Amino acid sequence: AGRKPRTPEEEILCGLFAEVLGVQTVSIDDSFFDLGGHSLLAARLAARASTALGLNLTIADVFHSPTPVALIQRKSNGTRRPELVAGRRPETVPLSYAQHRLWFLNKLEGPSATYNVPLSVRLRGELNVEALRAAFGDVVRRHEVLRTVFDSSEGEPCQRVLEDDQVVFACQRVDAVSLDGELRAAAGHLFDIATEPPIRVALFDVDGRDECVLLVLLHHIATDGLSVRPLFADLATAYAARVGGKAPDWAALPVQYADYALWQREMLGDESNPDSAFAKELAFWRERLAGLPEELGLPFDRPRPVVAGHRGGAVVVQWDEELHRRLVELARAEKCTLFMVLQAALAVTLARFGAGDDVPIGSPVAGRSDDALDDMVGFFVNMLVLRTDVSGDPAFRELLARVRAADLEAYAHQDMPFDRLLEALNPVRSLSRHPLFQVCLALESGAGAELKLPGVQAEPGSIVDTGSAKFDLELLLREDAGSGITGAVLYSAEIFDHPTVERIVGALRSVLEQIAADPGVTVGAVDVLGADRGLVVEGWNATVVDVVDGSLGELFEARVAAVPDAVALVF
């Protein structure tokens, strides 16, 4: 019912709104969030609009100006970025900033399964194994990052693209009983990122069943959550072509990951230049994170080890559709996102468990700030430190407003690489915990990426637990209409017992129920104990012991009489 586009720019933006949101038409007065937009789609819109209009729009711009007409008026605040193109590469290609951190951790801690990304798919039907093997070769040829090794040259990390496109592809027949164990064993492979490509494939033929389980194992240095969609889409295209006896006929990618790594440095500029994007981003984060607590107080079951071993466990999350609907309604009423509601509720839960009033929570952002990156496999994600101020016993609605304001500012400065931020801030380092934050929250929207192979029925396999944890607590959640909110909370098994994390997850759900029913409830009035109140107040507090009646002198005399030859005192 709103106005139609009046200028070419408004027409372009309305088209981008419709494309990103999956709707037919958008007027210049329609709000992005009223039409179902959320933070991940806002980031995608900002990237596409920036490319189309030649500007540097951010997710914060979309929040502040959620209609096409408002976003057009805001565009003058943007600055033009360098164009991302496939240019000439130097002899030594650097890593992206995100890759640099994983390379450093690999050197520091040695190879481990901590940063393995296992993707499992159940396949039923007439699977052409040789066509599948060839299709993986096609995909690796298409995406250079999947055949890249990460070594060093003169002490500096660099990436080297291999010409060999052969993928380690293992086939194995297993029985249903041993399947989970075989999957865990395969997912625990220790990648030597300096010498072997960051992808391996295992196909398990389940004996006695008309099905296979496909496990695609990647190292995080070459992938992220949004890489699964182009990976599976290209694999399906290549498989269909190979079944037909030919190679896939697809357009070449406009850029490769190495081009992105070079562009990222050009885009951020020289950190010594006060006018560079790097210097401006760093100035913001220095101020934002000043005085950040070194460590979050959590209800640990045991002290931290001196060096974290990254041994982990998982608690499954399954929150019903009704709760999801009420939380979405709350988010829209308060002009924020579901993620912000979850972040605020998590901060309340942790604060009530003893974390204090200043709760830093880590959160991944897509990092695909250019349209050319949409169809690429690679590690683009960046980590933001979202600081939540719970002080003053605010009403939840007020806390949500604080979270919204802080998050929007953080999103507007999301290009600052976490690795470089650590170097610049130089917080107190410890091998026992993650720096700057120890709790991470991630939320994905919609159904996960699907693998569609002709003649084969494919469905997501079970979550393959690698038995590792990167943080004290990591909430990996997904919202999907019809399924509610699902996922898992990964935890460090070195400091937490499984029942403790179950209590934290149960408390978080209770907080969500309470704030959905009454957003005006104050933080101090929120009940995080619930059914555990009796355990805490009575069970854990049952400390009554019998005490012998008598003075110190009388007790000493009795001890002398009992053991007269024992040593009485050592000084």
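The values are calculated or read from the model by the stated rules, or taken from the named source; none is laboratory data. This one's a predicted model, so the numbers in the text were calculated from it and none came from an experiment. As a convention, Cβ positions derive from the backbone with ideal geometry for all residues, glycine included, and neighbour counts pool all protein chains shown. Each accessible area value is taken on the protein alone, full model and side chains, heavy atoms only, with ligands, DNA and RNA left out. Shrake-Rupley method; radii C 1.70, N 1.55, O 1.52, S 1.80 Å.
Per-residue counts of other Cβ atoms within 10 Å, averaged by peptide: what ranking do you get for 421-428, 520-527, 228-235, highest first? Intermediate results must be reported in sequence, preceding the final value.
Working: 421-428: 13.4, 520-527: 15.1, 228-235: 19.6.
For the peptides 421-428, 520-527, 228-235, the packing ranking is 228-235, 520-527, 421-428.
Out of all DSSP beta bridges with both ends in segment 113-208, state the antiparallel percent to the nearest 5.
Of all bridge pairs located within segment 113-208, approximately 45 percent are antiparallel.
Accessible area per residue (1.4 Å probe, heavy atoms of protein chains only) ranks Val377, Val161 as Val161, Val377, with the largest value leading.
Among the trypsin sites (Lys or Arg not before Pro) in segment 326-434, which ones are in a DSSP loop with at most 11 other Cβ atoms within 10 Å of the Cβ? Mind listing them? All intermediate terms of the calculation are to be shown ahead of the outcome.
Working: sites: Arg326, Arg332, Lys335, Arg352, Arg368, Arg387, Arg397, Arg402, Arg404, Arg420, Arg429, Arg433; in loops: Lys335, Arg368, Arg429, Arg433.
Listed in order of number, the matching sites are Arg429.
Phi-derived couplings, Karplus 6.51 cos²θ - 1.76 cosθ + 1.60 at θ = phi - 60°, listed residue by residue for segment 522-534: 7, 4, x, 8, 6, 8, 9, 8, x, 5, 7, 4, x Hz, with x used for Gly and Pro. Before anything else, pin down the relative contact order of segment 204-316: Cα pairs under 8 Å, at least 6 apart, normalised by residue count, whole percent. Taking the mean separation of contacting Cα pairs over the length of segment 204-316, I get 7 percent.
Per residue, the chain exposes an accessible area of 47 Å² to a 1.4 Å probe, with every protein chain left in place. Amide H contacts of Cys158: Asp151, Ser152, Ser153, each under 5 Å away and 5 or more positions distant or on a separate chain (H built 1.01 Å from N in the peptide plane; Pro and chain starts excluded). Centre-to-centre separation between the Cα atoms of segment 505-553 and those of segment 135-170: 53 Å.
Quick one: net charge around Glu479, please, counting Lys, Arg +1 and Asp, Glu -1 for every other residue with C-beta under 11 Å from its C-beta.
On the way: positive: Arg325, Arg478; negative: Glu321, Glu444, Asp480.
Summing Lys/Arg as +1 and Asp/Glu as -1 gives -1.
Per-residue SASA remark: Val117, around 40 Å² accessible (1.4 Å probe; ligands, DNA and RNA not included). Of the solvent-accessible surface of segment 244-359, computed with a 1.4 Å probe and all protein chains present, 51% belongs to carbon and sulfur. When you filter the trypsin sites (Lys or Arg not before Pro) in segment 86-147 for DSSP loop state and at most 10 other Cβ atoms inside 10 Å of their Cβ, you are left with Arg88.
The three principal axes of the Cα atoms in segment 428-535 give end-to-end lengths of 56, 42, 28 Å, sorted in falling order. Per residue, the convex hull around the alpha carbon atoms of the chain comes to 231 Å³.
How much of the DSSP bridge set in the chain is antiparallel, in percent, rounded to the nearest 5? Please report the intermediate quantities before stating the final value.
Working: 53 of 69 bridges.
Roughly 75 percent of the DSSP beta bridges within the chain come out antiparallel.
Taken as Cα centroids, segment 80-98 and segment 9-65 sit 27 Å apart, rounded to the nearest whole angstrom. Segment 456-480 and segment 299-375 have Cα centres spaced 15 Å apart.
Within segment 203-273, report the trypsin sites (Lys or Arg not before Pro) that DSSP leaves as loop and that have at most 14 other Cβ atoms within 10 Å. Don't skip to the answer; put the middle values down first.
On the way: sites: Arg209, Arg242, Lys246, Arg265; in loops: Arg209, Lys246.
In loop regions of segment 203-273 (DSSP not H, G, I, E or B), the sparsely surrounded trypsin sites (Lys or Arg not before Pro) are Arg209, Lys246.
Within the accessible area of segment 375-458, what % is carbon and sulfur when the probe is 1.4 Å and the other protein chains stay in place? Could you put the intermediate results ahead of the total?
On the way: 1450 of 3100 Å².
Carbon and sulfur atoms account for 47 percent of the accessible area of segment 375-458.
Calculate what fraction, in whole %, of the accessible area of segment 180-220 sits on carbon and sulfur atoms when a 1.4 Å probe is rolled over the protein chains. Before the final figure, lay out the partial values.
Numbers: 660 of 1500 Å².
Summing carbon and sulfur atoms, their accessible area is 44 percent of the total for segment 180-220.
The heavy atoms of His434 present about 30 square angstrom of accessible area, all protein chains included, probe 1.4 Å. Rolling a 1.4 Å probe over the protein chains gives Ile485 an accessible area of about 0 Å².
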